Amino acid sequence: MCIILQMYWLINRMRFRRGSVKGLDIGTGANLVYPLIAHRSYGWKMLGTDINENSLENAHKILLHNPDLLSAIQLKHQPDPNHIFKNIIDSEDKFMFSMCNPPFHDSEEAALKGNIRKTKNLKKSKIDKPLLNFGGKQSELWCEGGELAFITKMISESTLYSSQVLWFTCLVSKKDNLFKLTTLLKKLKSIEIKTIDMAQGQKVSRILAWTFIPQQNRKSWFL
């Protein structure tokens with residue numbers, strides 16, 4: 001929910017009609033959480049994408065059980081794990097924002113160790129085996145190169161769709177990654193870069209947002 005609130009803050013600086021906002025959720029997952037919140041809370045239309053067909057199948061079942069959502073939330077499969085926006089954004093598409101909660105770890109082993117460490121901190125006890133109380137798939141939890149590699153690829157690919165998405169955004173868990181990511185964005189001539197801090201309990205993360213659309217050209221997106 002906190003991520004959706006940050007999206008609302010990001011685009012709410014200009015007037016827009018309820019229902020005129022369309023967002024893109026990269027890695028929407030089986031439960032379709034962010035599109036559901038975005039539409040129920042603000043009336044936004046959403047496109048949810050994922051490389052995992054089983055996740056999309058479950059998400060589709062959720063929509064079928066809530067037929068009023070079928071016109072507001074769409075689903076699309078990403079057939080190529082090497083791409084993020086390619087195969088997803090068509091030539092006629094325009095999105096007010098894209099959002100993503102990227103894979104954090106660079107391997108399954110790192111994900112399991114991270115879970116053990118997190119559980120130990122929460123329970124303040126010795127734990128040798130991971131307690132995986134989440135349903136995350138491999139693509140949601142780790143990828144080669146981890147968070148930095150994934151977001152770097154996202155930023156590079158975003159230049160190909162710079163006129164079709166007003167704000168690209170991505171959650172960044174590791175603060176140390178921000179400098180390299182913002183440096184890349186400047187190199188690729190991003191018009192504006194924002195870092196939005198976000199805290200949930202003891203966990204502190206941030207949203208990195210960037211756009212290639214000049215300020216004077218953004219009004220057309222809100223008509």
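Looking at region 47-105, the accessible area is 50 square angstrom per residue; that uses a 1.4 Å probe and ignores ligands, DNA and RNA. The listed peptides 79-91, 153-165, ordered by packing as a protection proxy, come out as 153-165, 79-91 (highest mean of other Cβ atoms within 10 Å first). Just list whichever of Lys45/Lys219; Lys45/Lys153; Lys86/Lys153; Lys94/Lys194 have alpha carbons separated by over 23 Å in the model shown. From Lys45/Lys219; Lys45/Lys153; Lys86/Lys153; Lys94/Lys194, over 23 Å: Lys45/Lys153. Computed from the Cβ-Cβ distance with R0 of 22 Å, the FRET efficiency linking Ser91 to Gln215 stands at 0.30.
With all protein chains in place and a 1.4 Å probe, the accessible surface of region 140-182 carries 56 percent carbon and sulfur. Using the Cβ-Cβ distance between Lys76 and Thr183 with R0 set to 25 Å, the FRET efficiency from 1/(1 + (r/R0)^6) comes to roughly 0.20.
For region 42-81, the relative contact order works out to 58 percent when only alpha carbon pairs closer than 8 Å and six or more residues apart are counted. Packing order of peptides 50-58, 166-174, highest average first: 166-174, 50-58 (average count of other Cβ atoms within 10 Å over each peptide's residues).
The values are calculated or read from the model by the stated rules, or taken from the named source; none is laboratory data. As the structure is a computational prediction, the values presented were derived from the model and not from experiment. A quick note on method: Cβ atoms are made from the backbone with ideal geometry, for glycine too, and the neighbour counts reach across all protein chains shown. The area values use the complete protein model at the heavy-atom level, side chains included, leaving out ligands, DNA and RNA. Shrake-Rupley method; radii C 1.70, N 1.55, O 1.52, S 1.80 Å.
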